[in-house]
Amino acid sequence: MSEERRPPVVDAEDEPSASSAADARRRAELETLVDLEWGRVVEAVAGRCRGPLREALGREGGATLALASDIEEARGLVRETEEALDARREASPLPLDGIRDVRASLARAEKLGVLMGAELFEIQTTLGAARRLRRFLAARRARMPELYARCALDPSLDALEEELAACLEPGGALADHASHELRRLRSEVANLRARIVSRLEAMLLEHEAVMSDRFLTQREGRYVLPVRTDAHDRIPGIVHGTSGSGATAFVEPRVVVEQQNRLTLAVAEMGREEQRILAQLSELVRERAAELGAALDALDRADLRDASARLAEDLRGSPPSIVEERRIEVREARHPLLVLDGVRVVPNDLELAEGHALVLSGPNAGGKTVALKLLGLFALMTRAGLPLPALAGAKVGFFGTILSDVGDDQSIEKNLSTFSAHVRSVARMLALAAPGTLVLLDEVATGTDPGEGGALACAIVEALCSRGAAVAVTTHYEPLKAMALTDARLRNAAVGFDVRAMAPTFHVRMDVPGASSALAVAARFGLDASVVERARALVPEQARTFDALVARLESEHESVRGTREALERDRRELAEVRRRLDEELAKQRARDKRQLSVEAERLLALVREAREEVRATRRAMRARPEDAELALAAKAALERAALVVGAEGPVGEAIAEDRAPIPGVAPELEDVRVGARFVVQRLRSEVEILEGPSKGRVRVAAGPLRLWVDIEELRAARSPREARPEAPRVEARLDAPSEPSASSGEPAPARWIRTEANSLDLRGMRVDDAVALVESFLDRLYGASEPAGFIVHGVGSGALRDAVRALLDRSPRYVRSFRRGTFDEGGDRLTVVELR
């Protein structure tokens, strides 16, 4: 880079004005844009635009891509890019097709110029794009608030678009219906032209012998016949010239002269009408020039943000998070220009904050300058609202000033060495450095004595940090590396070098200094081995010790990195295995759920069937309460209902019962024989063994029911060795004492036969109405000297049941005791009341 672009250094004794300081800052920032190749980033954005911004950015360079002037503006630009990127991820990108570069036409219209039809058509097309974008953003206002606010478009421009569309054909030609006069004139011109052509075509055939061609032609806007020169007098008329060879004369026959005169006048009048319409449309455009200019700006802004989103996709990056602190913290960052060039880039983690310095060291061609430029480009891209090629969540503060000194600024013309030019640049940076400034120094204080250069480098970095700037430097100076180990404001970072492969790794390691590896690099690029060995022998002991320490750190770091990468691969593999297992488990659960649904439907059908059988038997018992055979049938129906749902499930509200375990002991195996009697928990009754044991099961009789049960389900009511009395028959147990009373704890009286006269059904009633009805029911039973009553309240939430039993507990005048229904009475669905 030549010194010509460097501004003159301000003398320390001078008192520069505010304007000169601003100019110096502006010149320094423009030089930074050149150093960092910002123009290539702008070209990448321009290449992804779809409207006129594509040409504008490419033509005018990086200066046209605006950079935010404060943190809030930068955050707004980033949010716009995020919204555009989300739209692309949803496969509904911003509708930007049809935008045309109409600023020149708009400027001409503002100067009272008449626009051509093609220019008006481009304005119409652009207005159509503005309408589509406005409606797109309005429909997504909640999800895209930033773009909706920043790309506001005047809906009244739709009327101008409609007016232009009504007058123009595709391409810009005026439509016949643009005005009634234009339609009339065009019709007249067409008719005249048709009559003239028809008459001349007839003459072509009639005078074919003297014609030199079979086609009509035009001269000076008038139709003529191609007649042989030697026979032109055969057709009376006006000669409008001859062909180049002189063999053909172009004759306008006298018979069509008058018609062609009328045609010429009609065409001229039609042209005047068309010009009048174009002037009128141009005036409409001029009246809305301000709104049109705002619409063009909004379209350009939307186009830029959509191009930024497309760049994010190509860079495999995302917009940064702009933080209040002026710092840069990125993970797996890649240089954007290298990514766009298709170069395989090694991602790196980088951190830098204001008032601190990052000291990058390591071998030449190892990637130090790439990392340095990456930090500067990320700061610029953040101010432009562009995505960063790094892991999502990159944190970047707002750096209002970015200064750089990258490359060789030697100038023969101004008698400046590389070192002198570098010092002048650093002096300017020191004058401009302040909080919020990012300074990038490539090979700080190089080009002079190593001892003095190292000391000067330490002083420069220290001074920049003291001024609050964020500093990134590349260096080979050992004193600066050592300073970064003791000064908390400085932090070492090294680019790797693979000694075995004799090649840089391009991997940046934080918190460790890097060896220059100059001898290794020299050997890699072909320097004689004996020269390299001699140089190695001449290296001071202190430098060799330092290089050895750094080499050992590099080796250990590579080992740790390899282990970490292996662990990361294992983690990803385990995550993939877990994902597949979760998917398989979900599929299995879905299959089980479907199977369970089938089984549940089958079980529900069985439950309905069993419930209906119980209800039918109860209805029969109410009609014939004295029938013992019917009582046995009821018992069998209840047992079958219990078997339908198994030992754990309810039969339903109609046959629910208390499932408390029946007391008893497991029988000895030798006591399980034909004729023995035991109790089965799920049947809630005593059974007699008919067959078995066989494969751990026995066939039993429970009343009229015959079934197989597991031996483990059998329970002996008392010790198996004791003699068992013969079990009572069903008829006797129907009148046996029932459960203890819910109120007194005394044994309940014998069961009563339930009839319609002594039953009250409260199901579906409200609590207050039900309580009043129970009181009337008790009065009636008491007056009729009924011994007991049955109150059916159902289960439900239990509120109605609890209210009924609370009332019974408060009615000692009528109620002797009450209890829940037994299994065959209906269980907890009803309450049995014994009256006094």
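Quick one: which strands (runs of 3 or more DSSP E) lie wholly within the stretch 191-302 and hold at least 2 residues that are touching a Ser or Thr at 6+ places or on another chain (Cβ under 7 Å) and farther than 25 Å from LEU168 by Cα?
Output list reads 222-228, 248-253.
Can you tell me which residues in the stretch 132-171 are surrounded by fewer than 19 Cβ atoms within 10 Å (Cβ to Cβ) and not in a helix (DSSP H, G or I)?
Hits for the stretch 132-171 are ARG140, ARG141, ALA142, ARG143, ALA152, ASP154, PRO155, SER156, GLU169, PRO170, GLY171.
Under 6 Å between Cβ atoms, which residue pairs at least 6 apart in sequence (or on different chains) link something in the stretch 668-680 that is closer than 11 Å to LEU690 by Cβ with a partner that is assigned to a helix (DSSP H, G or I) and modelled with pLDDT under 85?
As it stands, the answer is none, since no pair meets every condition given.
For every residue, the table says whether it meets (1) modelled with pLDDT under 75; (2) open to solvent by less than 30 Å² (accessible area, probe 1.4 Å).
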residue	(1), (2)
VAL730	yes, yes
ARG733	yes, no
MET765	no, no
ALA772	no, no
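Run down LEU386, LEU440 and say which single residue is closer than 20 Å to LEU360 by Cβ, at pLDDT 90 or above and open to solvent by less than 50 Å² (accessible area, probe 1.4 Å).
LEU440
Using beta carbons and a limit of 6 Å, which pairs, at least six apart or on different chains, have the first residue in the stretch 130-143 and free of Cβ contacts under 8 Å to residues at least 12 places away in the same chain and the second one assigned to a helix (DSSP H, G or I) and among the aromatic types (Phe, Trp, Tyr)?
ARG141/TYR148
Looking at MET203 and the list (1) closer than 21 Å to ALA268 by Cβ; (2) touching a residue at least 40 places away in the same chain (Cβ under 8 Å); (3) out of contact with any helix residue (DSSP H, G or I) (no Cβ under 7 Å at 6 or more places or on another chain), which single condition is not satisfied?
The single condition MET203 does not satisfy is (1).
Yes or no, residue by residue, for (1) among the hydroxyl-bearing types (Ser, Thr, Tyr); (2) crowded, with 19+ Cβ neighbours inside 10 Å; (3) at pLDDT 95 or above; (4) within 24 Å of LYS395 (Cβ to Cβ):
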position: GLY317; (1), (2), (3), (4): no, yes, no, yes
position: LEU337; (1), (2), (3), (4): no, yes, no, yes
position: VAL343; (1), (2), (3), (4): no, no, no, no
position: PRO347; (1), (2), (3), (4): no, no, no, yes
position: VAL359; (1), (2), (3), (4): no, yes, no, yes
position: GLY362; (1), (2), (3), (4): no, yes, no, no
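Looking at this structure, is VAL832 closer than 17 Å to GLU756 by Cβ and either touching a residue at least 40 places away in the same chain (Cβ under 8 Å) or not hydroxyl-bearing (Ser, Thr, Tyr) (or both)?
yes
If ARG143 satisfies every condition in (1) under 19 Å from ALA294 (Cβ atoms); (2) charged (D, E, K, R); (3) within 40 Å of the chain's Cα centre (by Cα) but one, which is the exception?
For ARG143, the exception is condition (1).
Would you call VAL323 among the aliphatic types (A, V, I, L, M) and either open to solvent by 50 Å² or more (accessible area, probe 1.4 Å) or closer than 23 Å to SER308 by Cα (or both)?
Answer is yes for this residue.
Going by the conditions given, is GLY221 under 30 Å from ALA178 (Cα atoms), open to solvent by less than 90 Å² (accessible area, probe 1.4 Å), modelled with pLDDT under 90 and not β-branched (Val, Ile, Thr)?
It is true that GLY221 is under 30 Å from ALA178 (Cα atoms), open to solvent by less than 90 Å² (accessible area, probe 1.4 Å), modelled with pLDDT under 90 and not β-branched (Val, Ile, Thr).
Looking at the stretch 93-125, which of its residues are in contact with a helix residue (DSSP H, G or I) (Cβ under 7 Å, 6 or more places away or on another chain), open to solvent by less than 50 Å² (accessible area, probe 1.4 Å), assigned to a helix (DSSP H, G or I) and under 20 Å from GLU55 (Cβ atoms)?
Passing the criteria: SER105, LEU106, GLU119, ILE123.
Report the residue count in the stretch 75-92 for those that are in contact (Cβ under 8 Å) with a residue 40 or more places away in the chain and either open to solvent by 30 Å² or more (accessible area, probe 1.4 Å) or touching a Ser or Thr at 6+ places or on another chain (Cβ under 9 Å) (or both).
11
Looking at (1) open to solvent by less than 50 Å² (accessible area, probe 1.4 Å); (2) part of a loop (DSSP other than H, G, I, E, B), which is the only condition ALA66 fails?
Condition (1) is where ALA66 drops out.
I'd like the full set of residues that are assigned to a helix (DSSP H, G or I), closer than 30 Å to SER105 by Cβ and free of Cβ contacts under 8 Å to residues at least 12 places away in the same chain, limited to the stretch 172-190.
Scanning the stretch 172-190 gives ASP176, HIS177, HIS180, ARG183, ARG184.
Determine whether the stretch 284-293 contains at least one residue that is under 25 Å from the mean Cα position of the chain (by Cα) and crowded, with 21+ Cβ neighbours inside 10 Å.
Scanning the stretch 284-293, I find no residue that is under 25 Å from the mean Cα position of the chain (by Cα) and crowded, with 21+ Cβ neighbours inside 10 Å, so the answer is no.
Suppose the filter is touching an Asp or Glu at 6+ places or on another chain (Cβ under 7 Å), farther than 20 Å from VAL512 by Cα and either not in a helix (DSSP H, G or I) or not hydrophobic (A, V, I, L, M, F, W, C) (or both); does ARG305 pass it?
yes
Within the stretch 426-437, track down each residue that is open to solvent by 10 Å² or more (accessible area, probe 1.4 Å), in a helix (DSSP H, G or I) and in contact (Cβ under 8 Å) with a residue 40 or more places away in the chain.
ALA427, ARG428, ALA431, LEU432
Go through the stretch 775-806 and report how many residues are open to solvent by less than 20 Å² (accessible area, probe 1.4 Å), touching a helix residue (DSSP H, G or I) at 6+ places or on another chain (Cβ under 8 Å) and within 18 Å of GLY764 (Cα to Cα).
Here the count works out to 6.
Say we look at the stretch 174-193 and pick out the residues that are open to solvent by 60 Å² or more (accessible area, probe 1.4 Å) and over 60 Å from the mean Cα position of the chain (by Cα); which of these is nearest to GLN275 (Cα to Cα)?
Among them, the one singled out is GLU188.
Show the residue pairs that are 6+ apart or on different chains and have beta-carbon atoms under 6 Å apart, the first residue being within the stretch 786-814 and on the phi > 0 side of the Ramachandran plot, the second being open to solvent by 60 Å² or more (accessible area, probe 1.4 Å) and of a type in the set (D, E, K, R).
Listed pairs, sorted by first residue: GLY794/ARG763.
What number goes with the only condition from (1) without any contact (Cβ under 8 Å) to a residue 12 or more places away in the chain; (2) touching a strand residue (DSSP E or B) at 6+ places or on another chain (Cβ under 6 Å) that PHE121 does not pass?
(1)
The values are calculated or read from the model by the stated rules, or taken from the named source; none is laboratory data. On a predicted model such as this, the values are computed, not experimentally measured, just so you know. Glycine also receives a Cβ, built like all others from the backbone with ideal geometry; neighbour counts cover every protein chain displayed. When the accessible area is computed, the model is the full protein with side chains, heavy atoms only, and any ligands, DNA or RNA have been set aside. Shrake-Rupley method; radii C 1.70, N 1.55, O 1.52, S 1.80 Å.
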